[in-house]
Amino acid sequence: FFSAGGGWTRWCGAWTSRAFFFWFSKARGKRDVDPRMSGVMYTPMRASLRGREARPFAVMEVVHRVAGYQKQGRDVLPLHVGQPDAQAPGMAAKAADMALEDACSGKGGLGYTMECGIPSLRHRIARYYKEEWQEDVDPDHVMITTGASGAILLSSLAAFDAGDQVAIGVPGYPCYQNVLEGLGVHAVNLRLEAESNYQPNVKLLEQKFRETPFQGLVLTSPSNPCGTVIRKQELQKVQEWCRRNEIWLISDEIYHSITYGDAQCATACNMGDNVIVINSFSKYYCMTGWRLGWMVLPPSLVEPVKRLAQSLYISAPTLSQYAALAAFDCKEELDGHVQRYAQNRDILLEELPKAGFKNLSSAEGAFYIYADVSGLSSDSVDLANRILEHTEVAVTPGVDFDREEGRNFIRISFASSTETVREACRRLVTNQNWKKGY
């Protein structure tokens, strides 16, 4: 029993292995018993590090609370979601109906398209740039995507490697930071202030670049959550600075055509071979659930993006592509929605200060106002909950858009009906119970 290789050695080895397994399991996490294996100990499976560290949207908690209130029959006014309350334009819906009818009758199909989208839609988008911006775009450089979100993922994969650094404006749309971090790309926060109209400029970029060199810049105009617009001359300066420093410029233009007063958008399309333009049918075209967007790519990224798209989702939704083709012919209907947004904006800019919101973003475009609430609260999540509880008006906490200073801000969307916006203002002004505790 005590001889070399005998029972004693085997017994010690077995218990040593068990002790090591127990220690290793405890080090990794809680151990449990698998009921299928007669009491055998095991370590539960768990998500990847990137999955565990993925940040949720604070607005989704608001969405869940709103849904709960609505089930109770409470009259919640939705100023929290970033989507128009209007439906897809009429001609787009009819085009989808026709495509479905043809598919059901055997006259046409709704199978996969080419990874870059149907040719007629890519040519129509190229025509859009000629008509709206006097820019000549090669249809072969247009990529149809599953919403702007698909474009964000594809552009990030095609332009950046793990370990690269990309500057993103803060406050800004949280999806960029979350996607980049999920891909192993480091997001470099570029602090934007009211003094610069919450838009980047060359001075800010040079200062940040000296501190932390980066390989990409994400610029959004009109912006979310601030609704600010960068002028063409300033956009050109930013693009030229990026090109001199060999930096990719991702120009997010999904709120184009939604501007107010003298504000005019500018497209970065054709400004240089370092520019990736992203747009979408969600906002101006009121087609959020159709999940369709597009990119205009520089020559060097066309084939890489195609290959990535083939593996990620093959092609964008076919039915949505046929509907989007018709949406370009609905300008009068869509501009009517923008006029309504403009009216809603004017109401909020006049009424919100009466409710105690003193410092508001310029809201030159998109359909958002970013409000400084530091005089009311140091916790925008709690403030949003209080507003919802006492007034049944839903707003979005700023922590979604700025992890550091967002606790001092809330975002208010005015894409709802004018009646909804008026009533929301009335409740905020007349019912001050939401301020209690501050």
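The values are calculated or read from the model by the stated rules, or taken from the named source; none is laboratory data. The shown structure was predicted, so the numbers you read here are calculated from the model rather than taken from an experiment. Positions of Cβ are generated from backbone atoms using ideal geometry, with glycine treated the same way; all protein chains shown enter the neighbour counts. The protein model used for the area step is the full one, side chains on, heavy atoms only, and it has no ligands, DNA or RNA in it. Shrake-Rupley method; radii C 1.70, N 1.55, O 1.52, S 1.80 Å.
Which one is farthest from Gln199 (Cα to Cα), of the residues in segment 215-268 that are buried (at least 23 other Cβ atoms within 10 Å of the Cβ) and among the aromatic types (Phe, Trp, Tyr)?
Looking at the filtered set, the residue picked out is Trp248.
Looking only at segment 60-83, count how many residues are loosely packed, with under 14 Cβ neighbours inside 10 Å and in a loop (DSSP other than H, G, I, E, B).
So the answer is 4.
Out of all the residues in segment 356-369, which are touching a helix residue (DSSP H, G or I) at 6+ places or on another chain (Cβ under 6 Å) and over 15 Å from Ser380 (Cβ atoms)?
Within segment 356-369, Ala363, Phe367 meet the criteria.
With the checklist (1) within 19 Å of the chain's Cα centre (by Cα); (2) at pLDDT 95 or above; (3) open to solvent by 10 Å² or more (accessible area, probe 1.4 Å) in hand, flag the one item Glu211 doesn't pass.
With respect to (1) within 19 Å of the chain's Cα centre (by Cα); (2) at pLDDT 95 or above; (3) open to solvent by 10 Å² or more (accessible area, probe 1.4 Å), Glu211 is out only on (1).
Keeping to segment 193-217, report how many residues are within 19 Å of Glu404 (Cα to Cα) and out of contact with any Cys (no Cβ under 9 Å at 6 or more places or on another chain).
Residues in segment 193-217 being within 19 Å of Glu404 (Cα to Cα) and out of contact with any Cys (no Cβ under 9 Å at 6 or more places or on another chain): 8 in total.
Residues are listed down the side, and each one gets a yes or a no for (1) open to solvent by less than 10 Å² (accessible area, probe 1.4 Å); (2) under 30 Å from Arg55 (Cα atoms); (3) among the polar types (S, T, N, Q); (4) not in a loop (DSSP other than H, G, I, E, B):
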residue: Val338; (1), (2), (3), (4): no, no, no, yes
residue: Gln343; (1), (2), (3), (4): no, no, yes, yes
residue: Ile347; (1), (2), (3), (4): no, no, no, yes
residue: Pro353; (1), (2), (3), (4): no, no, no, yes
residue: Ser377; (1), (2), (3), (4): yes, yes, yes, no
residue: Arg386; (1), (2), (3), (4): no, yes, no, yes
residue: Arg411; (1), (2), (3), (4): no, yes, no, yes
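Counting only residues that are assigned to a helix (DSSP H, G or I) and either surrounded by 18 or more Cβ atoms within 10 Å (Cβ to Cβ) or not hydrophobic (A, V, I, L, M, F, W, C) (or both), how many does segment 180-208 have?
Counting residues in segment 180-208 that are assigned to a helix (DSSP H, G or I) and either surrounded by 18 or more Cβ atoms within 10 Å (Cβ to Cβ) or not hydrophobic (A, V, I, L, M, F, W, C) (or both) gives 11.
Might you check whether a residue that is within 38 Å of the chain's Cα centre (by Cα) and either in a loop (DSSP other than H, G, I, E, B) or modelled with pLDDT under 85 (or both) occurs anywhere in segment 36-43?
Yes, because at least one residue in segment 36-43 is within 38 Å of the chain's Cα centre (by Cα) and either in a loop (DSSP other than H, G, I, E, B) or modelled with pLDDT under 85 (or both).
Write out, first by first residue and then by second, each pair whose Cβ atoms fall under 6 Å of each other, whose residues are 6+ apart or on separate chains, and whose first residue, in segment 423-435, is assigned to a helix (DSSP H, G or I) while the second is surrounded by fewer than 18 Cβ atoms within 10 Å (Cβ to Cβ) and of a type in the set (Lys, Arg).
Listed by first residue and then by second, the contacts come to Val429/Lys354.
Determine the pairs where a residue that is closer than 13 Å to Ile278 by Cβ, located within segment 157-180, has a partner that is of a type in the set (Ser, Thr, Tyr) with Cβ atoms under 9 Å apart, the partner being 6 or more residues away or on another chain.
If the second residue must be of a type in the set (Ser, Thr, Tyr), the pairs left are Tyr173/Thr220; Tyr173/Ser223; Cys175/Ser149; Tyr176/Ser156; Tyr176/Thr220; Val179/Ser149; Val179/Ser156.
Quick check on Gly117: is it in a loop (DSSP other than H, G, I, E, B), touching a residue at least 40 places away in the same chain (Cβ under 8 Å) and not β-branched (Val, Ile, Thr)?
Here the answer is yes, as Gly117 does meet what is asked.
Looking at segment 190-200, can you tell me whether even one residue there is among the small types (Gly, Ala, Ser), out of contact with any Asp or Glu (no Cβ under 6 Å at 6 or more places or on another chain), within 30 Å of Val59 (Cα to Cα) and free of Cβ contacts under 8 Å to residues at least 12 places away in the same chain? Full working, then the answer.
Taking segment 190-200 as the starting set, the residues that turn out to be among the small types (Gly, Ala, Ser) are 194, 196.
Checking the rest, the ones that are also out of contact with any Asp or Glu (no Cβ under 6 Å at 6 or more places or on another chain) come to 194, 196.
With the extra rule that they be within 30 Å of Val59 (Cα to Cα), the set shrinks to 194, 196.
With free of Cβ contacts under 8 Å to residues at least 12 places away in the same chain added as a condition, the list becomes 196.
Yes, because at least one residue in segment 190-200 is among the small types (Gly, Ala, Ser), out of contact with any Asp or Glu (no Cβ under 6 Å at 6 or more places or on another chain), within 30 Å of Val59 (Cα to Cα) and free of Cβ contacts under 8 Å to residues at least 12 places away in the same chain.
Here is a yes/no grid of residues against (1) part of a helix (DSSP H, G or I); (2) open to solvent by less than 30 Å² (accessible area, probe 1.4 Å):
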site	(1), (2)
Tyr129	yes, yes
Val137	no, yes
Asp140	yes, no
Ser155	yes, yes
Gly163	no, no
Ile168	no, yes
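Tell me, which residue of segment 223-264 that is part of a helix (DSSP H, G or I), touching a residue at least 12 places away in the same chain (Cβ under 8 Å) and basic (Lys, Arg) is nearest to Leu180 (Cα to Cα)?
Applying the filter and picking the extreme gives Arg243.
Which members of segment 85-110 meet the condition of being closer than 20 Å to Arg291 by Cβ, acidic (Asp, Glu) and assigned to a helix (DSSP H, G or I)?
Asp97
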